[in-house]
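> Quick one: structure below, then a few questions.
Since every read-out is calculated from the coordinates, none of them should be taken as a lab result. Bear in mind that the values here come from a model prediction, so they are computed numbers and not experimental data. Please note: Cβ atoms are built from the backbone with ideal geometry, for glycine as well, and neighbour counts cover all protein chains shown.
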Amino acid sequence: MTKAPASDERIWAPLDRTQPRSALRTYAKRMRAEPTEAEQKLWWHLRHRLGLEGTHFRRQVRFGNYIADFVSHGAKIVIEVDGGQHGAQALADAAGSRFIEAQGYRVLRFWNNDVLRNTDGVLEEIRWVVTTTPTPNPSPQGGGELRRAGT
């Protein structure tokens, strides 16, 4: 049995709060304060129109070395709103998506244009993903595996 730490040996929180915040945390805070037009619109709709149980969303949440635009920890959903600059960042976005999916979350990506011009369609897609259960891979019912001819 291990000895419980003394009260002055806290291990769950840093004692010295004078240390500067990490650059990623500061960047996330700035991104929350300066959202794009599409992020601002989707944020309003997620808070006021989505109305599904277990979908409390947070903005600009850190996942390792990545920052996700919107996250619902209860529904295990991450929503990314991408502008034109993300076309050049496809590899970095794919790496971020793989990392987040490895944490057990589903990642949804929408273009700014979709959020601004087809908000109802975007919300419907989010509702559909939140209310459906992802099928495990491979499916326990079978049929998802590759089969050889003649077997």
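> Given the convex hull of the Cα atoms of region 37-131, what is a quarter of its surface area in nm²? Kindly include the intermediate steps, with their values, before the conclusion.
Numbers: hull surface 22.4 nm².
With the hull built on Cα positions only, its mean projection is 5.6 nm².
> R109's amide H: which non-local residues (gap 5+, or another chain) put their own amide H closer than 5 Å, with H modeled 1.01 Å from N in plane and none for Pro or chain starts?
Distant-sequence amide H within range of R109: E80.
> Follow-up. Put +1 on the Cβ of each Lys and Arg and -1 on the Cβ of each Asp and Glu in region 37-131; which of L50, V122, F110 then has its Cα farthest toward the positive end of the dipole?
With unit charges placed on the Cβ atoms, the residue in question is L50.
> Determine, for each peptide in 89-101, 57-69, the mean count of other beta carbons within 10 angstrom over its residues, then list the peptides with the highest first. Mind showing how you got there, number by number?
Details: 89-101: 13.8, 57-69: 17.0.
Listed from highest to lowest mean packing, they are 57-69, 89-101.
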